[in-house]
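Okay, so here's the structure we're looking at.
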Amino acid sequence: MNSLIAFMLIGGTIMTALATVGIIRLPDMYSRLHAATKSTTLGVIMIMTGAFIYFWYIEGLIETNLLLGALFILLTSPVASHLLARSAFHADVKPYKLTVLNDLKRDETNPDVENDPKRDIVE
């Protein structure tokens, strides 16, 4: 059980550190937002789960606050990042120059998507 606790805590720390590297290294706002959301959410949930298992197994306490916090982060982090990305899109924040497909622009500017020959080109 101690190895599971260590795996969760170390894995969560590594995922959070990878999110930091992604935020620094990725080229545009959308990619950075993706790295920040996915890796940080998984990292924090792993850390909170590891802490819950520690308190439950070692200390004999059931800390439901840790599970509720992990559930809250799991539900709110993707929604917040989605809203940030849509706000950035509507504020005309341009994606990286090598981005090939922009589904949101295609859906909002051309309702007849199936018959558009230029549907995969980002302007």
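The values are calculated or read from the model by the stated rules, or taken from the named source; none is laboratory data. It should be emphasised that the depicted structure is a prediction, and the values quoted were computed from it without experimental measurement. Here the Cβ positions follow ideal geometry from the backbone for every residue, glycine too, while neighbour counts run over all protein chains shown.
Observations on the structure shown:
- Residue in the range 84-106 that is at pLDDT below 95, of a type in the set (Gly, Ala, Ser) and under 30 Å from Leu9 (Cα atoms) present: yes
- Summed over the range 4-33, the residues that are part of a helix (DSSP H, G or I) and more than 17 Å from Ile45 (Cα to Cα) give a count of 10.
- Taking the criterion of being among the aromatic types (Phe, Trp, Tyr) and closer than 16 Å to Phe7 by Cα, the only residue of the range 57-78 that qualifies is Tyr57.
- Per the listing Tyr54, Tyr30, the residue uniquely buried (at least 17 other Cβ atoms within 10 Å of the Cβ), within 12 Å of the chain's Cα centre (by Cα) and aromatic (Phe, Trp, Tyr) is Tyr30.
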